[in-house]
1. Report whether or not residue A:21 is within 13 Å of chain B (Cβ to nearest Cβ), of a type outside the set (Ser, Thr, Tyr), open to solvent by 70 Å² or more (accessible area, probe 1.4 Å) and without any contact (Cβ under 8 Å) to a residue 24 or more places away in the chain.
2. For region B:56-78: of the residues being of a type in the set (A, V, I, L, M, F, W, C) and open to solvent by less than 60 Å² (accessible area, probe 1.4 Å), which is farthest from the other protein chains (Cβ to nearest Cβ)?
3. From the list A:53, A:29, which residue is open to solvent by 60 Å² or more (accessible area, probe 1.4 Å) and within 11 Å of chain B (Cβ to nearest Cβ)?
4. On the given criteria, is residue B:68 in contact with a Lys or Arg (Cβ under 7 Å, 6 or more places away or on another chain) and of a type in the set (D, E, K, R)?
5. Got a number for residues in region A:80-115 being free of Cβ contacts under 8 Å to residues at least 12 places away in the same chain, open to solvent by less than 50 Å² (accessible area, probe 1.4 Å) and of a type in the set (A, V, I, L, M, F, W, C)?
6. If residue A:48 passes every condition in (1) touching a Phe, Trp or Tyr at 6+ places or on another chain (Cβ under 8 Å); (2) facing chain B (nearest Cβ under 9 Å); (3) more than 25 Å from residue B:18 (Cβ to Cβ) but one, which one does it miss?
2 protein chains.
Amino acid sequence: MNLSPGQLDLLFQALGDPTRRAILERLARGPASVSELAAPFDMALPSLMGHVRRLEESGLVTSTKDGRIRTVQLVTGAFTPVRSWLDEQRAIWEGRLDRLDDYVTRLMKDREDGS
Amino acid sequence: MNLSPGQLDLLFQALGDPTRRAILERLARGPASVSELAAPFDMALPSLMGHVRRLEESGLVTSTKDGRIRTVQLVTGAFTPVRSWLDEQRAIWEGRLDRLDDYVTRLMKDREDGS
């Protein structure tokens, strides 16, 4: 997946809202129409559509219109850039802990050698 | 980690900014003073401090002040709620694909039995 600049911003910002995360949780179970998505929320349809649009802009979902019904579905691999970023952070962090570990081991060995 | 309501919102919102992600990437390598964090950015110190405060509010970093120097560090396990949410979505999604797979297998078997 080619990530345009700012795409990671849009992804994280899209995920920073409970309604949008609930929509994604529903879509992980399969595609749904906008009215099906709206059902569990006490929310006017235009507000819900606003959230769907934010999710589309971030690349997390796509939607197609057939007559009066708009069906929304999750994009396969949509979370990959977010996961990759988190994995990178973990790798850096664990690399740091490994280096700390090596340092302490060396310190203890030097002490032993010196005693 | 006990997640207060809205904590996941704060986490994702904190991550939805390139400067804040760059600060976190730096902190994954180890604690840093605010001026060390500011160095790679062409940014006034108060703006940088604003980002650090947002990261603190989200629970991703903590900071301690010693004299005039404020040192910022990453909180261990800070990304866990974000990872957990992503893992849940993946589990739901994969569960759905498994069910689709079962369905297709059953469909093909029924066809064979009927032929």
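The values are calculated or read from the model by the stated rules, or taken from the named source; none is laboratory data. The shown structure was predicted, so the numbers you read here are calculated from the model rather than taken from an experiment. Glycine also receives a Cβ, built like all others from the backbone with ideal geometry; neighbour counts cover every protein chain displayed. Just the protein is used for accessible areas: all its heavy atoms, side chains included, with ligands, DNA and RNA removed. Shrake-Rupley method; radii C 1.70, N 1.55, O 1.52, S 1.80 Å.
1. On the way: within 13 Å of chain B (Cβ to nearest Cβ): yes; of a type outside the set (Ser, Thr, Tyr): yes; open to solvent by 70 Å² or more (accessible area, probe 1.4 Å): no; without any contact (Cβ under 8 Å) to a residue 24 or more places away in the chain: yes.
No.
2. Step by step, filter region B:56-78, then rank; the result is B:72.
3. A:29
4. Working: in contact with a Lys or Arg (Cβ under 7 Å, 6 or more places away or on another chain): no; of a type in the set (D, E, K, R): yes.
Criteria not met by residue B:68.
5. Result for region A:80-115: 3.
6. (2)
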